[in-house]
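*Asks:* One structure, pasted below without further comment.
The values are calculated or read from the model by the stated rules, or taken from the named source; none is laboratory data. Worth saying up front: this structure is predicted, and the values here are computed from it rather than measured. All Cβ positions, glycine included, derive from the backbone under ideal geometry; neighbour counts span all protein chains shown. Just the protein is used for accessible areas: all its heavy atoms, side chains included, with ligands, DNA and RNA removed. Shrake-Rupley method; radii C 1.70, N 1.55, O 1.52, S 1.80 Å.
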Amino acid sequence: MIINTTQTQIPDFRQTPNVDKVGVEERCARFQTRSLKGDTKIDGLKRVLSMIDLTTLEGKDTPGKVRQLCYKAQHLHDAYPDLPTVAAICVYPTMVAEAKKALGSSGIRVASVATGFSSGQAPLDVKLMDTRFTVENGADEIDMVISRGRFLSGDYQFVFDEIAAIKAACGTARLKVILETGELGSLDQVRRASDIAMYAGADFIKTSTGKIQPAATMQVTYTMLCAIKDFYRKTGIRVGMKPAGGISSAKLALHNLVMVKETLGVEWLTNDWFRFGASSLANDVLMQLVKQQSGNYQSADYFSID
Amino acid sequence: MARLEVLKTYKLYIGGQFPRSESGRYYTPLDQAGNPIANVSLSSKKDLKNAVVAARKAFGAWSERAPFNRGQICYRIAEMLEGRKAQFIDELIKQGYDQTQAEAEVHLAIDRCVYYAGWCDKYQQIFSAVNPVASPHINFSTLVPMGVVGVIAPQNNGLIGLISTILPCICGGNSCVVLASEKFPLTAITFAEVLATSDLPAGVVNVLTGSEDELVDGFHSHMDINAVVYANGHTENATMLAKGAAVNVKRLFVYDTDFSDESAENPYLIADLQEVKTTWHPIEQVGGATSSY
C-alpha cells in the first residue's frame, strides 16, 4: 500500500478544474440504471458490509453504547453464515480506548473524529492535541474536518497547512479528511477542497460529518472520485474515498459501488480504498441479504436496533 | 368542432406520491359494452414492497397522533369525498353501475367515513378494561395498533368495500397497503386523490391496483406486514394467506361481509386490528386491603 504524504509539488488551487454540473448529473443518473441481480448482488451486498465504518457520533454516546456497537460490528447477523465484519468502528476520541478494548483482535479498525468535530472551529493547537490524544488511545484512523470558513474565504494555504500539520500528528494512523460538502456550495468547490486535501496528505477524502444536509449525494461523491482519479494519474498515489451521511439503503450503496468501479476501477473496491460512513446502512444490507436467501421481504423487527 | 377527450392516467398511490408501477405494466379494464375505460397500473411485488416501506415509515407518527386528531382527519376525508361526489358517481357508472346504484354507494361511503371518524377517540374506552387481580396491582388492558396492515379489498364493488376496510384500519392508528378491486380500480385511485388532500399524512394509506392472484403471495410472505385483511371471498387465496401468514405469525382476518349492508358498520372491525396490551402497575398497600385509609 502506497502511503500518501504531504506533497511538495503543489498546483495553484485557484486553477482547479471546473466541474460540469450537468454532465455529472447525467452520469450519476446512468449509474442508477444498473441493476445487479442474483450472485452479483449477494457479492456486492457482502462487499458493502465489509466497507462500512459503523458509526455512532452522538452527544449521548456512552461506553456501553460503544461496546454494544463493537459487538454488532463483529456479529452482524449470526443467523447468516460467512458474513464479513465491517471495516471499522467510528467514534468520538473519548470512546476510542473503550472501542479498542471491545474489538480486541477482531481485525476491525477504530476510526475517530478528532480536530474539533463537527464544526472544526477550534484553534490548531487544540486540534493537534485532540489528534495526538486520539492516536495515543489507539485509533487506527483519524477523521478530521477542514476549516470550511477559511476555505470559503479563499485562505487555501491555511487549510492546506492545517491538514499537513494534522497528517504529521497522525503518525501511522491513516488520515481521512472530511470536506463537509454540504457547506461548500458548489461542485467546483468540492473539487478544489478535494485537491487541497489530497496534496496535503489525505489517505482518504470523505464527504460529510453526517451532521449537515445534504451529505453524500452521488454527484458529490462522483466529483470527488474524479479528483482522486486525476491525483492518481499525476502522482501515482492512491487515495481512498468515504461517502458518509445519507446512504442508508442497500440499493444506493450498490449504485455507489458501480460508480467506484466505473470511475476508478476494481482496485478501489476494497475497504482499504473505499468506505461507507453509516449507522443504519448495515441493517438494510442485512435485510436484503436475508431476502435473497429466504425469498421473503424482511422486517426491521428481526434485526438488531443498533 | 369535436373535442378530443383527455383521458386520465390512473397511477398508484405510495407514500403520498402517485407513481406508475415500477414494472411499467398496465392493464385495461373494460366497460359493459367491452370498450376500454382507462389504462390502470398493474402492480408488481416490488411496488408492494415499496408501499410497505412507506407504510412502515408513516406508522409511528400516525399511531402517536391524538385519537381526536385522527378523527378530525377521517372526517376531513368525508368532507373531501362529499365535494367530489359527482366524479365518483360518474366513475362508478363508467365501470358499470347504474345511476341509482352509484349514488347510493357514494352516499353510503361518505356516511361510513363519518361513522368511523366518530369512533377514533371512542373505541378505546369501549374495549379497554381494568381487570380484577389477586395482588396489589392495578391491572389494565388497552388496545394498541398492530402496525402495517395489508388489505385486499372486496372485488365486487368500487368504493364502499374499499372504504369499509381502510377506515377501521387507520381509525385505530394503523397504516395500510391496500390492493383495490381489480374490476373497479378507477374509484380506488380517485379515492387516493381524496386521501392525498385530506391532511392524512403520506404513507398512512397506500393504494395498489392489479391482480390479486399475482400479489397475494407478497401479502403473506412479507415479514414487515403485521396483519392482513382479506375481504375478497376467494377460498383458495384465503387458505394460501392463512398458511403463508405463519412466516411471521401475522394476524389474518377473512371477512365475508356485504359491506353495503349496515351491519358492516361496527367498531369490532377496528378492534380486530388492535393488539391488547395489559399493564400491571403496583399499588402501595398503605393500610392493608381492608383498611379504610
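*Asks:* Please determine whether any residue of segment A:205-217 is more than 20 Å from A:D82 (Cβ to Cβ), away from chain B (no Cβ under 14 Å), at pLDDT 95 or above and not in a loop (DSSP other than H, G, I, E, B).
*Replies:* yes
*Asks:* For A:D230, which of the numbered conditions (1) farther than 21 Å from A:A87 by Cα; (2) acidic (D, E); (3) buried (at least 24 other Cβ atoms within 10 Å of the Cβ) fails to hold?
*Replies:* Of the numbered conditions (1) farther than 21 Å from A:A87 by Cα; (2) acidic (D, E); (3) buried (at least 24 other Cβ atoms within 10 Å of the Cβ), the odd one out for A:D230 is (3).
*Asks:* Could we say that A:I228 is closer than 21 Å to A:C90 by Cβ and either assigned to a helix (DSSP H, G or I) or without any contact (Cβ under 8 Å) to a residue 12 or more places away in the chain (or both) here?
*Replies:* Numbers: closer than 21 Å to A:C90 by Cβ: yes; either assigned to a helix (DSSP H, G or I) or without any contact (Cβ under 8 Å) to a residue 12 or more places away in the chain (or both): yes.
The answer is yes for A:I228.
*Asks:* Step by step: first the residues of segment B:233-246, then only those that are exposed (fewer than 14 other Cβ atoms within 10 Å of the Cβ) and within 14 Å of chain A (Cβ to nearest Cβ), then the one that is farthest from B:V148 (Cα to Cα). Which residue is that? Give the steps one after another, and end with the answer.
*Replies:* Just the residues of segment B:233-246 that are exposed (fewer than 14 other Cβ atoms within 10 Å of the Cβ), to begin with: B:235-236, B:239, B:243, B:246.
When the remaining residues are screened for being within 14 Å of chain A (Cβ to nearest Cβ), the result is B:243, B:246.
Values: B:K243: 19, B:A246: 16 Å.
Taking the candidates together, the pick is B:K243.
*Asks:* Here are some conditions: (1) within 26 Å of A:T131 (Cα to Cα); (2) part of a helix (DSSP H, G or I). A:L57 meets all but one. Which one does it not meet?
*Replies:* (2)
*Asks:* Moving to a separate point now. Quick test of your reading of the structure: A:L252 fulfils all but one of (1) within 14 Å of another protein chain (Cβ to nearest Cβ); (2) over 30 Å from A:P17 (Cβ atoms). Name the failing condition by number.
*Replies:* It fails just one condition, (2).
*Asks:* Can you name every residue in segment B:242-274 that is touching a residue at least 40 places away in the same chain (Cβ under 8 Å) and part of a helix (DSSP H, G or I)?
*Replies:* B:A264, B:L269, B:I270, B:A271, B:D272
*Asks:* Right, another one. Report, ordered by the first and then the second residue, all pairs with beta carbons closer than 7 Å, sequence separation of six or more or different chains, a first member in segment B:37-64 that is away from every other protein chain (no Cβ under 11 Å), and a second member that is open to solvent by 40 Å² or more (accessible area, probe 1.4 Å) and part of a helix (DSSP H, G or I).
*Replies:* B:I37/B:K94
*Asks:* Let me ask something additional. Taking A:G265 as the residue in question, decide whether it is touching a residue at least 60 places away in the same chain (Cβ under 8 Å), on the phi > 0 side of the Ramachandran plot, away from chain B (no Cβ under 14 Å) and over 16 Å from the mean Cα position of the chain (by Cα).
*Replies:* When the stated conditions are applied, A:G265 does not pass them.
*Asks:* Regarding segment B:46-63, can at least one residue be identified that is touching a helix residue (DSSP H, G or I) at 6+ places or on another chain (Cβ under 6 Å), closer than 24 Å to B:G16 by Cα and in a helix (DSSP H, G or I)?
*Replies:* The initial filter retains those residues of segment B:46-63 that are touching a helix residue (DSSP H, G or I) at 6+ places or on another chain (Cβ under 6 Å), namely B:48.
If we keep only those that are closer than 24 Å to B:G16 by Cα as well, we get B:48.
From what's left, in a helix (DSSP H, G or I): B:48.
Yes.
*Asks:* Touching an Asp or Glu at 6+ places or on another chain (Cβ under 7 Å), hydrophobic (A, V, I, L, M, F, W, C) and either open to solvent by 20 Å² or more (accessible area, probe 1.4 Å) or closer than 26 Å to B:Q155 by Cα (or both): does that describe B:F68? Give the steps one after another, and end with the answer.
*Replies:* On the way: touching an Asp or Glu at 6+ places or on another chain (Cβ under 7 Å): yes; hydrophobic (A, V, I, L, M, F, W, C): yes; either open to solvent by 20 Å² or more (accessible area, probe 1.4 Å) or closer than 26 Å to B:Q155 by Cα (or both): yes.
Yes; evaluated as a whole, the condition is true for this residue.
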